[in-house]
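The values are calculated or read from the model by the stated rules, or taken from the named source; none is laboratory data. As the structure is a prediction and not an experimental result, all values here were calculated from the model. Note that each Cβ is placed from the backbone with ideal geometry, even for glycine, and that neighbours are counted across all protein chains shown.
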Amino acid sequence: MRAMSLLKLIFMGESQMNDGFEVDNFALTTISSLAKRQLELEQELARLEEDLKTKKEELRQVSQIDLPEAMAEIGMSAFTLDGGAKVTVKPFYNCSIPKERYDEAMSWLRDNGHADLIKNTISVDFGKGEDDRAASFKTNLREQGTSYTDKTGVHPQTLRAFVREQVETGQPLPLDLLGVFIGQQTTIKEG
């Protein structure tokens, strides 16, 4: 029998053989079983990914809402579990500048002495063998006539650290403009 790699099969509800190759039932059964196993694995992976998404949301609910609120109700900021694990509640910051207010946010940062947070990226693609042109382009961008993209922004971790610092030192900050959400979150460290 010829090698399986030479075999051309098209599966569309039933198999069709091309180029006159003959295949025994065992080979077709093996191929069919492997295809079914692949399908099962793909479906199982999709279920697991959905389960993971659900569990992450459940964890977020408990760690950012339920447990911090329960602790706040009795004025507790930390405690130790029977097994020695320490539970603490601390503020967390999430920032995401709304796309529709992006230019306004960049202007606010510049106008209020925080321009150093803004990162500028200019990206240009050159073809193979254009090393000399790329070097020349670096020294004289506009004279080359090459189109480029210009991206300006603040890295999310940089923005989050800036917001945390400003809030914790009592500095005024346009929270809505910078897309700031401040919440409480519990952490548990094994003892």
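Yes/no per residue for (1) touching a Lys or Arg at 6+ places or on another chain (Cβ under 8 Å); (2) surrounded by 12 or more Cβ atoms within 10 Å (Cβ to Cβ); (3) modelled with pLDDT of 80 or more; (4) of a type outside the set (S, T, Y):
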position: F92; (1), (2), (3), (4): no, yes, yes, yes
position: C95; (1), (2), (3), (4): yes, yes, yes, yes
position: R101; (1), (2), (3), (4): no, yes, yes, yes
position: E104; (1), (2), (3), (4): no, yes, yes, yes
position: W108; (1), (2), (3), (4): no, yes, yes, yes
position: D111; (1), (2), (3), (4): no, no, yes, yes
position: D125; (1), (2), (3), (4): no, no, no, yes
position: D132; (1), (2), (3), (4): no, no, yes, yes
position: L141; (1), (2), (3), (4): no, yes, no, yes
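Which residue out of A35, A46, A27, A85 is more than 26 Å from R160 (Cα to Cα), surrounded by 10 or more Cβ atoms within 10 Å (Cβ to Cβ) and in contact with a helix residue (DSSP H, G or I) (Cβ under 8 Å, 6 or more places away or on another chain)? Testing whether each residue is more than 26 Å from R160 (Cα to Cα), surrounded by 10 or more Cβ atoms within 10 Å (Cβ to Cβ) and in contact with a helix residue (DSSP H, G or I) (Cβ under 8 Å, 6 or more places away or on another chain) leaves just A27. Pairing residues of segment 49-76 that are under 17 Å from K90 (Cβ atoms) with residues that are β-branched (V, I, T), at Cβ distances under 6 Å and at least 6 apart in sequence or on separate chains, gives S63/T186; L67/T186; P68/V89; P68/T186; M71/V89.
Only a single criterion out of (1) loosely packed, with under 12 Cβ neighbours inside 10 Å; (2) under 30 Å from the mean Cα position of the chain (by Cα); (3) at pLDDT below 90 is not satisfied by E168, namely (3).
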